[in-house]
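Input: a single structure, listed below in structure tokens.
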Amino acid sequence: MDGIEIVVNATSYLGSDPEAAERLYLQGTANLLDAAARAGVSRCLQMSTAAVYGSGPHRGIGVLDQSANPESMISRHRSIADQMVLDAGGTVLRPYLVYGPADRWFIPGVVKLFRRLGSQIEHGSARLSLISSVELGRLVAALALAEGPIGGIFHAAAPEPVRLSELVAQIESQIGPLGLSGSVSLPRAQELLGDAGFSRHQVSMIGVDGWLDAAPLWNRSGLPPSSFSLAEPATRAWYRSRIGT
């Protein structure tokens, strides 16, 4: 890291091997912070996840309103790594659900889930914090290059939550039909999808309110926010090339 002024740690592991997760999130973060300190790096940003707060409902929570309550092995390791960065004076960004080019998990998972379920969940009433991968990149760059100290935790999301019904409508108009008919309750959806390999937590991530107060990040970045859309050509092309219509 000699000569480096700013570090953005965007590494991640989404597998199920606890040793691999510990190597990346705990030992890897410790190695990075130690090397950064020895090289005199002035700023370190950590890409994390709002999943460290555990299951919702979360309704407009700020970073001071909610303590970490990780429920999965990955989230526990990420929460510990976040604290290591914060203790070193760094900054942690926590998005909830990220869509757009390079997304291999969120929208493809939602499409698979609904095509298997065949129904809407709770009439699509859940409100969710979403952010595009492009917008997230702009926010990271703005924060990395911002003047003056930053530090602390920021929620990375669009200012306004998106209803599940709107998310589903845009998937069907921009990517492909889901074949939905009627609506089922969240417990019923969890029951039906359990046999298809979806965990209760995965279903609740889109079926329960999960939205965050992201105003501090937008205020600090100075960037104008954009609204949720799957209609951007690069976004639509990314998903259509990977999800059967």
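Each reported figure results from applying straightforward, stated rules to the coordinates on display, with no laboratory input. None of these values were measured; they are calculated from a predicted model. Heads up, the Cβs are rebuilt from the backbone with ideal geometry, glycines too, and the neighbour counts pull from every protein chain shown.
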| remark: Given the candidates 99, 229, 243, the one whose Cα lies deepest towards the positive end of the charge dipole of the chain, counting +1 at each Lys or Arg C-beta and -1 at each Asp or Glu C-beta, is 243
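Compute the signed sum of charges (Lys and Arg +1, Asp and Glu -1) over the other residues within less than 14 Å, Cβ to Cβ, of residue 11.
On the way: positive: 23, 78; negative: 22, 82.
Taking every other residue near residue 11 into account, the sum is 0.
Which of the GluC sites (Glu not before Pro) found in the range 1-67 are loop residues per DSSP with 13 or fewer other Cβ atoms within 10 Å of their Cβ?
On the way: sites: 5, 19, 22; in loops: 5.
Listed in order of number, the matching sites are 5.
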| message | Could you tell me how far the Cα centroid of the range 180-207 sits from the Cα centroid of the range 41-79, in Å? | response | 23 Å
| field | Charge dipole (debye, nearest 20) of the chain; +1 at Cβ of Lys and Arg, -1 at Cβ of Asp and Glu | value | 540 debye
| query | Counting only the backbone N, which residues of the range 12-33 are under 12 Å from the spot 7 Å out from the Cα of residue 73 toward its beta-carbon? | reply | 14-23
| Förster radius 51 Å - calculated FRET efficiency between residue 35 and residue 181 (Cβ-Cβ, nearest 0.05) | 0.40
| request: Provide Rg and Dmax in Å for the chain, with only Cα atoms included in the calculation. | output: 18.5, 59
| task | Run the numbers on the chain and let me know its relative contact order in percent, using alpha-carbon pairs under 8 Å that are six or more apart. | result | 24 percent
| message | Taking the beta-carbon count within 10 Å as an exposure proxy, list 87, 34 from fewest neighbours to most. | response | 87, 34
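Add +1 for every Lys or Arg and -1 for every Asp or Glu among the other residues with Cβ under 12 Å from the Cβ of residue 160, and state the total. Intermediate values should be presented prior to the final figure.
Working: positive: 127, 163; negative: 166, 213.
That works out to 0.
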| request: Could you tell me, in Å, what Rg and Dmax come out for the Cα atoms of the range 57-180? | output: 16.7, 51
| query | Quick one: if you stick a label point 7 Å off each Cα along the C-beta vector at residue 191 and residue 146, how many nm between them? | reply | 4.7 nm
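Between residue 236 and residue 13, what is 0.36 nm times their sequence separation minus the Cα-Cα distance? Round to one decimal in nm.
Full extension of this stretch gives 77.7 nm more.
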| message | If you filter the range 67-157 for chymotrypsin sites (Phe, Trp or Tyr not before Pro), then keep DSSP loop positions with at most 10 other Cβ within 10 Å, what is left? | response | none
